[in-house]
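The values are calculated or read from the model by the stated rules, or taken from the named source; none is laboratory data. Given the structure is predicted, the values throughout are model-derived calculations rather than measurements. Neighbour counts run over all protein chains shown; Cβ positions are idealised from the backbone, glycine included.
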């Protein structure tokens, strides 16, 4: 799906982030989606204030800003906000920021501050397919990957996964070593 940065031609669109109107003449971010209400299965755009998109869709906004030739008000502050919220490529390992995510293998809550591995997954919503993160405890990664393969989904091989985690994660050396150790530990250890 396409993403774009443009100047709002009217003040009718509301921001998907804060739900407030986007004023006419304001630079905004648009994300394309499959419109479920279109008879032909066409696409539409959802719009965001740039600051709202920077916190929720930093990766997508960064790409759209790179190709935008117009002037963006307060560009340095916006770029800093994007950099603060940019997500590394998946898969990656991190410490959980909240205690709300559940492990996709054991279905237990991943506690705040606990190590976890993020995988990209696509899920269906009323507004069409959406991409998001699926999380697993490092000790549950093998079970998660086996389950994905059983369901006919593509899952990385172990060596490729470990290489990607090393390259994509922002964790320190000790945390990365702990993630690797838990992933590679024999089952039941």
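Considering region 17-45 alone, what residues qualify as being surrounded by fewer than 17 Cβ atoms within 10 Å (Cβ to Cβ) and either in contact with a helix residue (DSSP H, G or I) (Cβ under 8 Å, 6 or more places away or on another chain) or not assigned by TED's automatic domain parsing to the domain that holds residue 57 (or both)?
Listed by number, the list holds a single entry, 18.
Listed residues 60, 31, 6; which is assigned to a strand (DSSP E or B), in contact with a strand residue (DSSP E or B) (Cβ under 8 Å, 6 or more places away or on another chain) and closer than 30 Å to residue 156 by Cα?
Exactly one of 60, 31, 6 is assigned to a strand (DSSP E or B), in contact with a strand residue (DSSP E or B) (Cβ under 8 Å, 6 or more places away or on another chain) and closer than 30 Å to residue 156 by Cα, namely 31.
Quick check on my filter: what residues within region 165-175 are within 9 Å of residue 94 (Cα to Cα) and either assigned to a helix (DSSP H, G or I) or not assigned by TED's automatic domain parsing to the domain that holds residue 140 (or both)?
175
Considering each residue of region 117-147, count those that are out of contact with any helix residue (DSSP H, G or I) (no Cβ under 7 Å at 6 or more places or on another chain), at pLDDT 90 or above and assigned to a strand (DSSP E or B), and give that number.
So the answer is 4.
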